[in-house]
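The next block holds one structure in the form of structure tokens; read it before the comments.
The values are calculated or read from the model by the stated rules, or taken from the named source; none is laboratory data. What you are looking at is a predicted structure, and each value in this text was computed from that prediction instead of being measured. Cβ atoms come from the backbone with ideal geometry, glycine included; neighbour counts cover every protein chain shown. In case anyone asks, the SASA skips ligands and DNA or RNA and just uses the protein heavy atoms, side chains included. Shrake-Rupley method; radii C 1.70, N 1.55, O 1.52, S 1.80 Å.
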Amino acid sequence: VFDQGLRFDPWFADYGVLEDCHLALRAARSWRLLQSGDATCVELAATGGRVDSRKLGYKHVVNYWYVFNDIEGPLTPEQRFRFWRFHAFELFRLSMSLLRRRRREDWDQIVGRLWGWAAALSPSWSVPRR
């Protein structure tokens with residue numbers, strides 16, 4: 001796949017959430033993908049670690065929105081409903097975690113995801129075309 005020129009999308013350059021899935025979905029357009037249950041890999045973490053929890057929450061919304069729109073777009077009303085239902089559940093889950101554990105990371109994730117919602121729902125949102 002890489003020898004044929006497929007690369008990770010530059011959209012994910014600043015922060016990768018779902019970049020591997022996006023690459024696989026794009027590869028599946030031209031190649032038959034196989035799964036190997038005994039395959040192993042080494043995940044190389046960035047030396048600086050993850051960015052702050054707010055950015056992580058934000059990227060969980062906007063990167064998913066990007067992938068769904070790029071791979072399946074334009075989205076039908078049903079697809080949009082399923083997308084937002086999932087992310088509403090994630091907000092609920094994080095809110096319950098915040099109430100139970102009272103961790104700052106949960107609060108930051110919630111704020112970041114709300115920012116992500118605002119960005120994805122913005123009338124100026126568009127999926128960059130290659």
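So which residues in segment 9-19 are closer than 14 Å to ASP70 by Cα and of a type in the set (D, E, K, R), if there are any at all?
Matches in segment 9-19: ASP9, GLU19.
Restricting to segment 10-29, count the residues that are of a type in the set (Gly, Ala, Ser) and assigned to a helix (DSSP H, G or I).
Number satisfying all stated conditions: 2.
Applying the selection to segment 92-125, what residues are open to solvent by less than 80 Å² (accessible area, probe 1.4 Å), within 19 Å of TYR66 (Cα to Cα) and without any contact (Cβ under 8 Å) to a residue 40 or more places away in the chain?
Passing the criteria: ALA118, SER122.
Where the second residue is open to solvent by less than 20 Å² (accessible area, probe 1.4 Å) and in a loop (DSSP other than H, G, I, E, B) and the first is free of Cβ contacts under 8 Å to residues at least 60 places away in the same chain and lies in segment 7-32, which pairs have Cβ atoms under 9 Å and are six or more apart or on separate chains?
Cβ pairs passing all conditions: GLU19/ASP9; HIS22/ASP9; LEU23/ASP9; ARG26/ASP9.
Considering SER36, SER53, which residue is under 27 Å from ASP106 (Cβ atoms) and among the polar types (S, T, N, Q)?
Numbers: SER36 fails: under 27 Å from ASP106 (Cβ atoms).
From the options SER36, SER53, the qualifying one is SER53.
Is there a residue in segment 18-33 that is small (Gly, Ala, Ser), farther than 30 Å from ALA118 by Cβ and surrounded by 11 or more Cβ atoms within 10 Å (Cβ to Cβ)?
Yes, some residue in segment 18-33 is small (Gly, Ala, Ser), farther than 30 Å from ALA118 by Cβ and surrounded by 11 or more Cβ atoms within 10 Å (Cβ to Cβ).
Looking at segment 94-116, which of its residues are assigned to a helix (DSSP H, G or I), among the basic types (Lys, Arg) and farther than 19 Å from ASN63 by Cα?
The answer is ARG100, ARG101, ARG104.
Identify all residues within segment 42-79 that are open to solvent by 100 Å² or more (accessible area, probe 1.4 Å) and either at pLDDT below 90 or within 15 Å of the chain's Cα centre (by Cα) (or both); write none if there are none. Before you say what the answer is, go through the steps one by one.
Start the filter on segment 42-79 by keeping residues that are open to solvent by 100 Å² or more (accessible area, probe 1.4 Å), which leaves 42-44, 47, 50, 74, 77-78.
If the condition is that a residue be open to solvent by 100 Å² or more (accessible area, probe 1.4 Å) and either at pLDDT below 90 or within 15 Å of the chain's Cα centre (by Cα) (or both), then VAL42, GLU43, LEU44, THR47, ARG50, PRO74 are the ones that fit.
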